[in-house]
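Asks: One structure follows; several queries about it will come next.
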Amino acid sequence: MEVRIIHRTGSEASKLVDELVRENISARTELWNPAKELPSDLFDSHLIIVCIDRDRAILGILKELTSEGRWSLPIILLDTHYDQTTALFAKNNRLPYYIPPYNPTFIGRMIKELVYKHAELTNSGEKIEAFDILLDPTNRCAQRRDRVIPLRNKEFALLEFFIMNKGRLLSRTSILEHVWDRNHCYGSNTLDVHINRLRRKIDGPFDDKLIHTVHCVGYRFAKAEVLSHLPAAHEA
């Protein structure tokens, strides 16, 4: 998951990047310049955070985002000082609006919820592809090469989460938080049981494995060659 933080002054944005990393969220900053076009890869991110300072000029970027036709991309507004007009704008456009002090854990959870809700709406009925796997939300199954693989609900949710975060190191905690209800009481081996079931279906019949265990940390969904630079003892 990648978040882009658009700002005019770097201090708050840099601090936010560090805080989000601790919440297992990758973030990059983008210095906004009204005289330049938005970077072409901006919409490759999963969510945009707009940091607003006192002069409010950066709010002009919302017009740019609208004109790009990508308003559906989740956006969060972080204001350094409360402003009634900005707050009303956020409310009318259903944009999350926060003022200091920011709670990094809460912001992190909000980001994850918005991203996955957006993914559900965007991918509803549409097939999702990663490597040689095609995930079919309509029929709740996957296809790898010419093999159709029926999936249980949690197996489907796990594979969907892996595909959305392909190549990234996912901690056990982050997987449990997003695939299971965070209020659900699950056993210590719940994740291992479901990962093993998914592995048997997705990786079992094939030589090239995609689900890799990172010992004492979590899992990574990637092709083996991506992991070739890592010591063999670290990932399996």
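The values are calculated or read from the model by the stated rules, or taken from the named source; none is laboratory data. Note that the coordinates shown come from a computational prediction; the quantities given were computed from them, not determined experimentally. Cβ coordinates were reconstructed from backbone atoms using ideal geometry, including for glycine residues, and neighbour counts include every protein chain displayed.
Quick grid of which residues meet (1) closer than 23 Å to GLN143 by Cα; (2) modelled with pLDDT of 90 or more:
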residue: LYS166; (1), (2): yes, no
residue: LEU176; (1), (2): no, no
residue: ASN189; (1), (2): no, no
residue: LYS201; (1), (2): yes, yes
residue: LYS223; (1), (2): yes, no
residue: SER228; (1), (2): no, no
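Asks: Still on this structure, please answer the following. For GLY125, only one of the following conditions fails: (1) at pLDDT below 90; (2) surrounded by 15 or more Cβ atoms within 10 Å (Cβ to Cβ). What is its number?
Replies: For GLY125, the exception is condition (2).
Asks: Further, regarding this structure: Against the condition modelled with pLDDT of 85 or more, closer than 29 Å to ILE195 by Cβ, outside the structural domain of ILE6 (by TED's automatic domain parsing) and not aliphatic (A, V, I, L, M), how does ARG140 come out, does it pass?
Replies: Against the criterion (modelled with pLDDT of 85 or more, closer than 29 Å to ILE195 by Cβ, outside the structural domain of ILE6 (by TED's automatic domain parsing) and not aliphatic (A, V, I, L, M)), ARG140 does not qualify.
Asks: Does THR66 fit the bill of being β-branched (Val, Ile, Thr) and modelled with pLDDT of 80 or more?
Replies: For THR66, the condition - β-branched (Val, Ile, Thr) and modelled with pLDDT of 80 or more - is not met.
Asks: While we're looking at this one, here's another question. Might you let me know whether the range 162-169 holds any residue that is among the basic types (Lys, Arg) and under 14 Å from LYS201 (Cβ atoms)?
Replies: So far as the range 162-169 goes, no, none of its residues is among the basic types (Lys, Arg) and under 14 Å from LYS201 (Cβ atoms).
Asks: Here's another thing I want to ask about it. Which of the residues spanning the range 129-163 are part of a helix (DSSP H, G or I) and in contact with a strand residue (DSSP E or B) (Cβ under 8 Å, 6 or more places away or on another chain)?
Replies: Listed by number, the residues that qualify are PHE156, LEU159, GLU160, PHE161, PHE162, ILE163.
Asks: Okay, next question. Just checking, does the range 5-15 include any residue being assigned by TED's automatic domain parsing to the domain that holds ILE111, more than 20 Å from MET110 (Cβ to Cβ) and of a type in the set (Asp, Glu)?
Replies: Within the range 5-15, none of the residues are assigned by TED's automatic domain parsing to the domain that holds ILE111, more than 20 Å from MET110 (Cβ to Cβ) and of a type in the set (Asp, Glu).
Asks: Checking the structure you have, find out if any residue of the range 89-109 is surrounded by fewer than 16 Cβ atoms within 10 Å (Cβ to Cβ), at pLDDT 85 or above, of a type in the set (Phe, Trp, Tyr) and within 26 Å of SER174 (Cβ to Cβ).
Replies: yes
Asks: Taking the range 129-163 on its own, how many of its residues are touching a Pro at 6+ places or on another chain (Cβ under 7 Å) and among the basic types (Lys, Arg)?
Replies: Residues meeting the conditions: 1.
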